[in-house]
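Undergrad: Below is one structure. I have some questions about it.
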Amino acid sequence: MTVFLIYKAILCVLIFAVSLGVAAYATWWERKFAALLQDRKGPNRAGPLGLFQPLADGGKMFMKEEIIPNVSNKFLFILGPSLFLFLSFLTGVLIPWGKDFTYDGHALALQLTDINVGLLYILGVTSIAVYGIIIGGWASNNKYSLLGAVRASSQMISYEIAMGISIIALVITAGGTLSFREILDTQDAGLANICYQPLGFLIFFICALAETNRAPFDLAECETELVGGYHTEYSAFKLGAFMFGEYINMFVSSAIMAGLYFGGYNFPFAKEFYHMIGLEDGSAWISLIGAGVYLIKTFIFISVFMWIRWTLPRFRYDQLMNLGWRVLIPLSLLNLAITVLVEIFIRGTIQL
Amino acid sequence: MQLTNRRKEVSHKEQSIAEKIYLPAILKGMAITASHLFKKSPTINYPEETRPIAPVYRGQHVLKRDDNGAERCTACGMCAVACPAEAITMESAERKKGEEALYREEKYAAVYEINMLRCIFCGLCEEACPKEAIFLTDRLVDTEFERGDFIYGKDKLVEKMTERIDVSKRQTPEVLEFKKKPGLKHNELFDSSKQLGKGKKH
């Protein structure tokens, strides 16, 4: 029991630190990647390749003047970004980073916790995340903030429906389990879910872009119309919390996509590979290699997010709503119908 | 009348299915940005790298000393007259006994100032100088925080003995020959039979 508790405590701190580190370095990579796409050099002054840039940015965020507007509701004003950051960490809890390994006779999982309604939990937490934005926007007592918050929340709510339906289709293909870990394990033996759910993945991907408020769906903070959107009135570390939360959200949703559709820590011929280099089942090295593979997949997804951001222009607001309600939701329903028909008549996993 | 050949017929034709779902267009755009990943950035990391400049580049001026270290300038004012931007001012003074090592001739410039904000780096001062004293070099003028700091006095213009500046690139035989031309003003004022750069007795 003590081994278990100590292990979980270490893992907890580790995942927290990794999420923070990845979010910090995502800002660096965002700038570097944008520079590469635009034939520029990007940050290259702070340290080699500008690698200390996130530290400098973070230091700047702490040192700036903390402004709380007189007319704002102070409690809610502080609660908004705190809630947003807190909830973005919460979604990361469920991600299984690698296979179980045995240490001193204890079977330990490279995952904080696995609950049997994992996907529902993720959908739930991401939909609460909109509260952070809407509370922040409302408490600022500023027209632009409020408009940004309203935009963000209506966007997140509309895209959540299509996302949920595409996840239902995924759950049906994966054999009816809602547990994140079991969905990953079904991809261990067979093909990755992307082979069964290409349309579902596309819908999920678009919805993930919209959920994380990334371009081309970043209407919540489009500076040409709304100054800064819901964080117009925020400064110093409260602004930093919003930005950090966004990058953590991006990291987590990339990890979720890499896990649900691309097999997470599994990779083709994994068993043969482990056997070839002489690792036995339950070895900690297998978990570590798996975690590495998972992180690489996540990194690729983060890069694709950025690639899209620096390619596509922003949607107009009515186009965004049209796409959400009139294209993605019918499309995801179609995807669900096709999935069910395929499961019944071709794969025969559902008995009528 | 046709002004350009870039006229296009505009039509209101329906979008095709490929255009309506936008995905092909999006992928095309992403391919374009991705192709830029592998292109070289044209950026020059300025303080570490500089652009290559011509050997006869006209940059910050230098007031040369002669081989013994005496200032060549005699404050004749030819450069100030020649300057189209009126950037050069000077005050002359008479050399005292014991200063022979400092100034080559009896008269010298006590104050010599160039306003670097006015200067257009045309090089006419260098062309006008009968004493081979002022030259433009390949150095860039530094940035400053105050306007007044751009007025460079002798402290910045006169060549330091420890770091002599090579201007031989600008003193080709053709240039020296050109300076002897009778049409040039300084040749009319001064005795043109004397060799240039040799110093002149009053």
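The values are calculated or read from the model by the stated rules, or taken from the named source; none is laboratory data. None of the values given here were measured: they were computed from a predicted structure. For neighbour counting, all protein chains shown are included, and Cβ atoms are generated from backbone atoms with ideal geometry for every residue, glycine included. Protein only, heavy atoms only, side chains kept; ligands, DNA and RNA dropped before computing areas. Shrake-Rupley method; radii C 1.70, N 1.55, O 1.52, S 1.80 Å.
Undergrad: Do you know the relative contact order of chain A, to the nearest whole percent, from alpha carbon pairs under 8 angstrom that are 6+ apart?
TA: Details: 515 pairs, mean separation 83.3, N = 352.
The value is 24 percent.
Undergrad: Projecting each Cα onto the charge dipole of the protein assembly as shown (Lys/Arg +1, Asp/Glu -1 at the beta carbon, about the Cα centre), which of A:GLY21, A:THR113, A:MET1 comes out farthest on the positive side?
TA: Farthest along the dipole direction, towards plus: A:GLY21.
Undergrad: With point charges of +1 on the Cβ of Lys and Arg and -1 on the Cβ of Asp and Glu, referenced to the Cα centre of region B:61-189, which listed residue (B:VAL175, B:CYS125, B:TYR103) lies farthest in the positive direction of the dipole?
TA: Most positive-ward Cα: B:VAL175.
Undergrad: Just the accessible area per residue of region A:1-52, please: how many Å² with a 1.4 Å probe? Don't skip to the answer; put the middle values down first.
TA: On the way: 2880 Å² over 52 residues.
For region A:1-52, the solvent-accessible area averages 55 Å² per residue.
Undergrad: Within 10 Å of each Cβ of B:31-37, how many other protein chain Cβ atoms are there on average? If you can, show how the numbers build up before the last one.
TA: Working: counts 1, 2, 9, 4, 1, 6, 5.
That works out to 4 on average.
Undergrad: Let me ask something else about it. Just how large is the dipole of region A:2-347 about the Cα centre, in debye to the nearest 20, putting +1 at every Lys and Arg Cβ and -1 at every Asp and Glu Cβ? Walk me through the numbers before you get to the answer.
TA: Working: 22 positive and 24 negative charges, 165 e Å.
That gives region A:2-347 a dipole magnitude of about 800 debye.
Undergrad: While we're on this one: Across the residues of A:311-317, average count of Cβ atoms on other protein chains within 10 Å? Could you put the intermediate results ahead of the total?
TA: Details: counts 9, 6, 1, 0, 0, 0, 0.
So the per-residue partner count for this stretch is 2.
Undergrad: Under a crude label model (7 Å from the Cα following the beta-carbon direction), how far is B:GLU127 from A:ALA9 in nanometres?
TA: 8.3
Undergrad: List, largest first, the extents of the alpha carbons of region B:128-177 along their principal axes, each in whole Å.
TA: For region B:128-177, the Cα spread along each principal axis is 41, 25, 18 Å.
Undergrad: Something else now. Could you give the size of the charge dipole of region B:61-189 about its Cα centre, using +1 on the Cβ of each K and R and -1 on the Cβ of each D and E, expressed in debye and rounded to the nearest 20? All intermediate terms of the calculation are to be shown ahead of the outcome.
TA: Working: 22 positive and 26 negative charges, 56 e Å.
Dipole of region B:61-189, to the nearest 20 debye: 260 debye.
Undergrad: For chain B, what is the accessible area per residue in Å², given a 1.4 Å probe and the full set of protein chains?
TA: On the way: 14450 Å² over 202 residues.
Ligands and nucleic acids excluded, the result is 72 Å² per residue.
Undergrad: Now for a different question. Select from B:ASN45, B:ASN115, B:ASN68 the residue whose mean-square fluctuation is largest in a Gaussian network model of chain B (Cα-Cα springs shorter than 10 Å).
TA: With Cα springs under 10 Å in chain B, the top fluctuation among B:ASN45, B:ASN115, B:ASN68 is at B:ASN45.
Undergrad: Quick one: length gained pulling B:LEU23 to B:ASP67 fully straight, 0.36 nm per residue minus the C-alpha distance?
TA: 8.4 nm
Undergrad: Sticking with the crude label model, points 7 Å out along Cα→Cβ, report the distance from A:LYS41 to A:ILE161 in nm, one decimal please.
TA: In this crude label model, A:LYS41 to A:ILE161 measures out at 5.1 nm.
Undergrad: Additional query: Applying 1/(1 + (r/R0)^6) with R0 = 41 Å to the Cβ-Cβ distance of A:LEU352 and A:GLU225, what FRET efficiency is obtained, to the nearest 0.05? Walk me through the intermediate numbers first.
TA: Details: r = 52 Å, r/R0 = 1.27.
Once rounded, the FRET efficiency stands at 0.20.
Undergrad: Near B:LYS40, which aspartates and glutamates are there with a Cα under 13 Å away, not counting those fewer than 8 places off in the same chain?
TA: Hits, sequence-local ones excluded: A:ASP39.
Undergrad: Buried accessible area between A and B (1.4 Å probe, both chains summed, ligands and nucleic acids excluded), in Å² to the nearest 100?
TA: Numbers: alone 17120 and 15070 Å², together 30930 Å².
Protein heavy atoms only, the A-B interface buries about 1300 Å².
Undergrad: Does anything in region A:147-164 have its amide N under 17 Å from the 7 Å Cα→Cβ label point of A:VAL71, and if so which residues?
TA: In region A:147-164, the label zone of A:VAL71 (backbone N under 17 Å from the point 7 Å along Cα→Cβ) covers A:147-149.
Undergrad: Right, next: If each DSSP helix of 4+ residues adds -39,500 (n - 2.57) and the sum is divided by the residues in chain A, what number results at 222 nm, nearest 500 deg cm²/dmol? Walk me through the numbers on the way to the answer.
TA: Details: 13 runs with 225 residues, N = 352.
Calculated from helices alone, the mean residue ellipticity at 222 nm is -21500 deg cm²/dmol.
Undergrad: While we're here: Lys/Arg Cβ at +1, Asp/Glu Cβ at -1, dipole of chain A taken about the Cα centre: which of A:PHE244, A:TYR294, A:ALA258 is farthest positive-ward?
TA: About the Cα centre, the residue reaching furthest to the positive side is A:PHE244.
Undergrad: Let me ask another. Ignoring ligands, DNA and RNA, what percent of the 1.4 Å accessible area of the protein assembly as shown is carbon and sulfur? Present the calculation step by step, with values, prior to reporting the outcome.
TA: On the way: 19640 of 30930 Å².
The value for the protein assembly as shown is 64 percent carbon and sulfur by accessible area.
Undergrad: Enumerate lysine pairs in region A:2-347 that are 8 or more residues apart or on different chains, then count those whose Cα atoms are under 14 Å apart. Show your work: numbers first, answer last.
TA: On the way: A:LYS32/A:LYS41; A:LYS60/A:LYS238; A:LYS64/A:LYS238; A:LYS74/A:LYS238; A:LYS99/A:LYS271.
The number of close lysine pairs in region A:2-347 is 5.
Undergrad: Give the cysteines in chain B for which no other Cys Cβ lies under 4.7 Å away, or write none if there are none.
TA: Taking the Cβ cut-off of 4.7 Å, the unpaired cysteines of chain B are B:CYS73, B:CYS76, B:CYS83, B:CYS119, B:CYS122, B:CYS129.
Undergrad: Before anything else, pin down the relative contact order of region B:61-189: Cα pairs under 8 Å, at least 6 apart, normalised by residue count, whole percent. Please report the intermediate quantities before stating the final value.
TA: On the way: 190 pairs, mean separation 37.0, N = 129.
Relative contact order of region B:61-189: 29 percent.
Undergrad: I've got another one for you. Considering only protein heavy atoms, what is the solvent-accessible area of A:ARG45 at a probe of 1.4 Å, reported in Å² to the nearest 10?
TA: Rounded to the nearest 10, that gives 140 Å².
Undergrad: Could you order A:VAL13, A:VAL171 so the one with the most accessible surface comes first? Probe is 1.4 Å.
TA: Values: A:VAL13 100, A:VAL171 20 Å².
In descending accessible area the options line up as A:VAL13, A:VAL171.
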